[in-house]
Amino acid sequence: MGIVGPMQPTTTTAAPAEPSASRGDAAPRRIVGALLGILSGAVALGVAELMAGVIGGASSPVLAVGSSFIDATPEWLKSFAIRTFGSNDKTALLAGIGVFLLIGAVVLGIASVRRAWLGVAGLVAFGAVGVAAAVTRPANGPVDAIPSIVGAAAGLGAYLILRRAAGLPRREPHAAEAKSNPPPPPAFDRRRFMWTGIVAGGVALTGAKAGQWLIRRADATASREALGVPTAVDPAAPIPAGAQLDVPGIGPFVTPNDRFYRVDTALFVPSVSADAWTLKVHGLVDREITLNYDQLVARPLIERDITLTCVSNEVGGRYLGNARWIGAPLKDLLEEAGVRSDATQLVSTSTDGFTAGTPVAVAMDGRDAMLAVSMNGEPLPIEHGFPVRMIVPGLYGYVSATKWIADIELTTFEAFDPYWAKREWAKQAPIKTESRIDTPRAKAELGAGEVAVAGVAWAQHRGIDKVEVQVDGGAWLPAELGEEATIDTWRQWVFRWPATPGRHTIAVRATDGTGEIQTAEQADPFPNGATGDHTIEVNVA
Ligand SMILES: Nc1nc2c(c(=O)[nH]1)N[C@H]1C(S)=C(S)[C@@H](COP(=O)(O)O)O[C@H]1N2
Ligand SMILES: [Mo]
């Protein structure tokens, strides 16, 4: 399919004007058509973004369609996207939508030169898909249809004005009509079309920029900047100096916020101000509780070091991080609400409709499950759940770590399937014992002599008792362990390996605090976490 680029000189690529069209100018129909499609589509998108800036980012047709796409993506495609694009998977999705829209606009634009109704139909279809996606997002309502409708209407306006400027008729005259009463050939006025196009492009760009600025400026950023970090009545014990091993390439024991992995279904990061935040605790409880941000931070807060892990982390993967959190203990709040004995599942819901299901027994067994407001000495970063998220040591994020939390319902495992359970992931998912080699890197070229092989091991809420390294399938030899901070954090390890020339395979395995060795059996992340020994190959010169 040949896409005629708008930048190409019209004289060389334009299809010759058909004589039957009887235009005053040799109107380069394809280029005019492509520009007509692209510019009307751009005006529709730009105006829709601007409206979304006013109404709320989740109402943007592009983001709503993208989010619906994420929710509907089958597991194999999702893992493919994560494997191929890593944390750029969302950018890749948006780029894909962009290319799809561009091709659609060009094709429809060219076809609409002769059949004006095609352009109208294309814009109406665009609006309809946008409306359908926007109003069906879990946290959206009817008003979220507005950006798609106004955008499509603006696109239609631009389409008609541009057609007029291009000297295109509203419809092709019927042959008979044309013969008996030939309409005066509308002149294609290059200058007029160009100027109208520039204005349309300007409207599109300004709308998109302003909309995105409004979306970003919305509540959360300002609210977060104005907020201090509350003090914990129960501070964390200082991290033992020996928790951080002095080995180049091992990474920090505490993961800085800007290097902390991010995993969520949110194409548009929810923007919630602390002022507007409330949490409702309801369901199988004796007393419903509704709490605002001030009330939450007025509670006796705890501070803890906890390592978070994503169930999608592959063996050797980077989807985990360790941070110092401050928050209100979940258990106290649940006790105040009076959780009934038939409640087995705690369902937490985010403002954008994500849900996670946590065993009530785990939330209340005395571990430091909390509603966190601070991460590494700052208010929660917006993409990590500002203003409040849940943290439960020992459980994968998808069953415990709801960001932008808005609601807690006590229910049963039979009564409700949360977001990932609906997609066949396990309903209960304690973190599996795992270990990772951080240095040397796989395929590294090393010099002979002592090489510090080092990394991390984790088995949150059971702790790590032992890490062993195996070279070339030989005996498992003990690694030195960094000092344990808590049983809820990862633990660093180092193995000083006398490297000899040749190719070598290095594997690692950990033993948790209950004495159990991590399983060597290779398993994929789906449905409840990857297992297997992280193994790398290196070459020693
Ligand atoms: N609202 C919301 N919270 C969420 C998710 C989500 O998609 N939406 N993903 C969960 C998953 S799968 C993980 S692993 C953690 C990741 O938290 P992080 O992005 O702060 O590292 O958030 C959890 N909380
Ligand atoms: Mo996750």
message: Please report the carbon-and-sulfur percent of the accessible area for the stretch 366-410; probe 1.4 Å, protein heavy atoms only, DNA, RNA and ligands left out.
response: 39
- line: Expressed per residue, the solvent accessible area of the chain in Å² (1.4 Å probe) is about 45
query: Considering amide H positions built from the backbone, and no H for Pro or chain starts, which residues 5 or more places from LEU380, or on another chain, come under 5 Å of its amide H?
result: SER374, MET375
query: Can you work out the FRET efficiency for the pair ARG115 and LYS422, with r the C-beta to C-beta distance and R0 = 35 Å, to the nearest 0.05?
result: 0.25
- request: Please give the net charge around GLY463, taking every other residue with its beta carbon less than 9 angstrom from that of GLY463, where Lys and Arg add +1 and Asp and Glu add -1.
  value: -2
message: Spelling out what I want: for every residue of the stretch 191-203, take phi, set θ = phi - 60°, compute 6.51 cos²θ - 1.76 cosθ + 1.60 (Karplus), and round to whole Hz; glycine and proline get x.
response: 5, 5, 4, 4, 5, 4, x, 5, 4, 4, x, x, 4
message: I'd like the FRET efficiency for ASN292 and VAL135, computed as 1/(1 + (r/R0)^6) with the beta carbon distance as r and R0 of 25 Å, rounded to 0.05.
response: 0.30
task: Whole Å is fine, so just give me how far the alpha carbon centre of the stretch 243-270 lies from that of the stretch 364-399.
output: 14
message: Residue by residue through the stretch 423-439, what is 3J(HN,Hα) from phi via Karplus (6.51 cos²θ - 1.76 cosθ + 1.60, θ = phi - 60°)? Round to whole Hz and write x for glycine and proline.
response: 9, 6, 6, 4, 6, 10, 8, x, 5, 7, 5, 8, 8, 9, 8, 9, 8
query: What order do GLU409, GLU424 take when sorted by accessible area (1.4 Å probe), most exposed first?
result: GLU424, GLU409
The chain - mean residue ellipticity at 222 nm from DSSP helices (-39,500 (n - 2.57) per run, n ≥ 4, rounded to 500): -10500 deg cm²/dmol
statement: Residues meeting the amide H criterion for ARG299 (H placed from the backbone, H to H distance under 5 Å, 5 or more places apart or on another chain) are none
field: Table column - 3J(HN,Hα) (Hz), the stretch 327-342, Karplus curve with 6.51, -1.76, 1.60, x for Gly and Pro
entry: x, 8, x, 5, 4, 4, 5, 5, 5, 4, 6, x, 5, 6, 5, 7
query: Relative to the Cα centre, what is the charge dipole magnitude of the stretch 241-423, using +1 at the beta carbon of each Lys and Arg, -1 at the beta carbon of each Asp and Glu, and rounding to the nearest 20 debye?
result: 320
query: Under 15 Å from a point 7 Å along the Cα-to-Cβ line of GLU314: which residues of the stretch 71-106 have their amide N that close?
result: 76-89
Solvent-accessible area of THR91 with every protein chain in place, 1.4 Å probe, in Å² to the nearest 10: 90
Simple label model, 7 Å out from Cα along Cβ direction - LEU477 to ASP342, nm: 6.0
message: What does the net charge come to around ALA452 if you take all other residues with beta carbon closer than 11 Å to its beta carbon, with K and R at +1 and D and E at -1?
response: -3
message: Going Cα to Cα from LYS403, which lysines come in below 30 Å? Please leave out same-chain ones fewer than 8 positions away.
response: LYS78, LYS90, LYS209, LYS280, LYS331, LYS422, LYS427, LYS432
query: Rounded to a whole number, what % of the accessible area of the stretch 86-135 do carbon and sulfur atoms account for, probe 1.4 Å?
result: 78
message: Rounded to the nearest percent, how much of the accessible area of the stretch 434-540 (1.4 Å probe, protein heavy atoms only) is carbon and sulfur?
response: 48
- prompt: Efficiency by 1/(1 + (r/R0)^6): what FRET value for GLU75 and ILE103, r their Cβ-Cβ distance, R0 = 30 Å, to the nearest 0.05?
  reply: 0.65
- prompt: What ranking of VAL451, VAL233 comes out by heavy-atom accessible area, probe 1.4 Å, highest first?
  reply: VAL233, VAL451
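The values are calculated or read from the model by the stated rules, or taken from the named source; none is laboratory data. For clarity, every value in this text was computed on a predicted model and none was experimentally measured. Please note: Cβ atoms are built from the backbone with ideal geometry, for glycine as well, and neighbour counts cover all protein chains shown. Side chains are part of the model used for accessible areas, which takes the heavy atoms of the whole protein and leaves out ligands, DNA and RNA. Shrake-Rupley method; radii C 1.70, N 1.55, O 1.52, S 1.80 Å.
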